[in-house]
Amino acid sequence: MLISGLTVMTAMAGMFLTGDQIFESFGVATILVVAIAMLGSLTVLPALLSRLGDGVGRGRVPLVSRLRRDDGDGRIWGAVIDRVLRRPLLSAVLAGGFLLLLAVPAIQLKMAQAGPDTFPKSLAVVKTYDRMQGAFPGRAMAASVVVQAPNVKSPQMQSSISRLEQRALASGRMYRPFTVDVNQAGTVANITVPIEGKGSDAGSNASLGLLRKEIVPETVGALPGTEAGVTGFTAQWKDSKDDVKASLPPVVAFVLLFAFVLMLVAFRSLVIAAKAIVLNLLSVGAAYGVLVLVFQHGVGKNVFGFTSTAGIDPVVPLLLFVILFGLSMDYHVFLLSRIREAVQRGASTDEAVAQGIKSTAGVVTSAALVMVAVFAVFIALSMLFFKQFGVGLAAAILIDATIVRGVLLPASMKLLGDWNWYLPSWLEWLPNLGVSEADAPPETSSSSVSA
């Protein structure tokens with residue numbers, strides 16, 4: 001419970017590295033929820049179960065009990081696991097190949113902010129927007145060039161503003177009317193420049209780049225003692241996208257490193273820790289691939305109710321990674337704990353894998369189905385961001401709870417055998433959490449393997 005909760009909290013803590021207040025607040029809220037859930041599971045839940053006693057098993061749902069064998073294992077997953085363990089290499093190759101195939105489209109993942117054209121045309125606000133565009137044709141989006149100088153009303157500054165307007169019009173990407181607003185002190189001027197595009201498309205980004213790199217520095221930004229910058233709708237979207245893209249690598253590195261360390265300490269095995277990272281990355285990669293197939297290639301867009309295939313919202317990949325990694329590691333720790341307990345009771349690794357996964361696969365799948373149903377609600381919302389978020393999470397959790405935990409994990413553990421518990425001699429100092437020396441699993445050191 002502690003390791004599982006700490007793993008989820010570690011994944012969510014990665015959002016602190018983004019430097020964005022929204023992500024940071026999301027991380028704080030999620031960590032608090034997990035911490036409270038852990039506290040309740042270690043205090044209230046045991047007390048409640050103790051109070052209920054044998055009555056905790058009453059009120060069983062009709063027909064559901066038939067899905068379980070007399071020994072408590074699920075019938076469906078029991079049959080699947082038996083076949084996987086009989087042909088572990090074939091199962092691992094087929095499952096791993098399928099996930100890699102799903103992950104291949106992720107190479108084409110393109111981040112793009114959703115514009116007004118991505119909303120359903122049936123929405124009242126979209127109908128109003130379209131009527132406004134029809135009544136007032138032209139460029140709706142405008143960039144704001146903000147200039148700070150000792151005197152923005154000086155002849156030199158007015159001449160520079162005129163040159164900015166001429167250069168902007170000559171580019172063919174910017175249009176009239178230009179407006180200039182000056183504060184009472186005459187030290188700040190806000191110049192609105194209508195630009196090409198719809199605010200977040202390639203045309204708008206090209207216009208923004210031209211303003212920032214050439215026109216502004218060579219006109220109003222060239223005067224001594226002057227500071228000039230470009231802001232506005234397009235600038236905000238472009239800068240936020242760049243910030244998310246820049247923060248993604250450190251967040252991924254942080255989560256992977258600390259998840260590896262937690263798994264290593266919890267199970268005292270380099271193989272278990274490394275394999276957990278690989279399996280979770282496969283789940284995340286497959287989720288990204290599904291996002292690209294659906295929201296860039298348009299697979300099933302009529303079913304999900306959207307039209308734009310410009311790209312994936314920049315926030316979605318980061319949120320998906322931390323949430324999926326936390327949830328996936330939670331499942332992983334739960335399954336491996338049952339396997340380790342069986343090994344501690346004297347079962348071989350092969351027997352422990354069969355017992356541990358058969359007895360927990362049904363619980364993991366049921367929990368996953370609940371979360372898939374919850375996240376699927378996002379797909380019904382109008383905003384493209386929520387649809388992407390819902391499809392990515394629902395697909396990834398379903399894949400992780402079935403293909404990864406039900407096929408790849410048991411197949412890989414069967415193939416590795418006692419190598420699953422490999423721990424180099426130089427890491428023997430790691431604490432043996434909650435396990436006595438006599439009950440410890442058969443950790444395979446480098447010397448015993450070589451022998």
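Each reported figure results from applying straightforward, stated rules to the coordinates on display, with no laboratory input. Everything numeric in this text was worked out from a predicted model, so none of it was measured. Here Cβ is always computed from backbone atoms with ideal geometry, including for glycine, and neighbour counts include all displayed protein chains.
Table for the structure above
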| quantity | calculated |
| --- | --- |
| Charge tally in the Cβ shell below 14 Å around residue 214, where Lys, Arg are +1 and Asp, Glu are -1, residue 214 excluded | +4 |
| Separation in nanometres of the label points that stand 7 Å from Cα toward Cβ, at residue 415 and residue 274 | 1.4 |
| Local electrostatic count, residue 17, Cβ distance below 12 Å [Lys/Arg +1, Asp/Glu -1] | -3 |
| Long-range amide H partners of residue 232 with built H, under 5 Å | 144 |
| Cα-based reach from residue 110 at 27 Å (exclusive), listing lysines while leaving out same-chain residues under 8 positions away | 121, 198, 213, 238, 241, 245, 301, 387 |
| Equivalent ellipsoid, the chain (semi-axes from 5 times Cα gyration tensor eigenvalues, Å) | 55, 25, 20 |
| In order through the range 412-427: 3J(HN,Hα) via Karplus (6.51 cos²θ - 1.76 cosθ + 1.60), integer Hz, x for Gly, Pro | 5, 5, 5, 5, 7, x, 5, 5, 4, 9, 5, 9, x, 4, 6, 10 |
| Coarse-grained scattering of the range 164-220 at q = 0.24 Å⁻¹, given as base-10 log I(q)/I(0) from a Debye sum over alpha-carbon atoms | -0.98 |
| FRET E, pair residue 108, residue 52, Förster distance 45 Å, beta-carbon r, rounded to 0.05 | 0.30 |
| Ordering of 195-206, 326-337 by packing [mean C-beta count within 10 Å, highest first] | 326-337, 195-206 |
| Nitroxide proxy distance, nm - points 7 Å out along Cα→Cβ at residue 32 and residue 79 | 4.8 |
| Computed E for residue 345/residue 90 - FRET, C-beta separation, R0 45 angstrom, nearest 0.05 | 0.90 |
| Relative packing of 374-383, 308-317, which averages over residues the other C-beta atoms within 10 Å, highest first | 308-317, 374-383 |
| Column: log10 I(q)/I(0), Debye, Cα scatterers of the range 121-235, q = 0.15, 0.18 Å⁻¹ | -0.65, -0.87 |
| Cα-based helix-to-principal-axis angle, 384-399 vs the chain, degrees rounded to 10 | 20 |
| Estimated 222 nm signal from helices in the chain, with DSSP H stretches of n ≥ 4 weighted -39500 (n - 2.57), rounded to 500 | -19500 deg cm²/dmol |
| Paramagnetic reach from residue 42 (point 7 Å along Cα→Cβ, amide N under 19 Å) across the range 1-26 | 1-13 |
| Length released on extending from residue 383 to residue 192, taking residue separation times 0.36 nm less the Cα-Cα span | 65.9 nm |
| Interchain or long-range residues, amide H under 5 Å from residue 199's placed H | 204 |
| For the range 287-392: Kirkwood Rh in Å [reciprocal of mean 1/r, alpha carbons] | 15.8 |
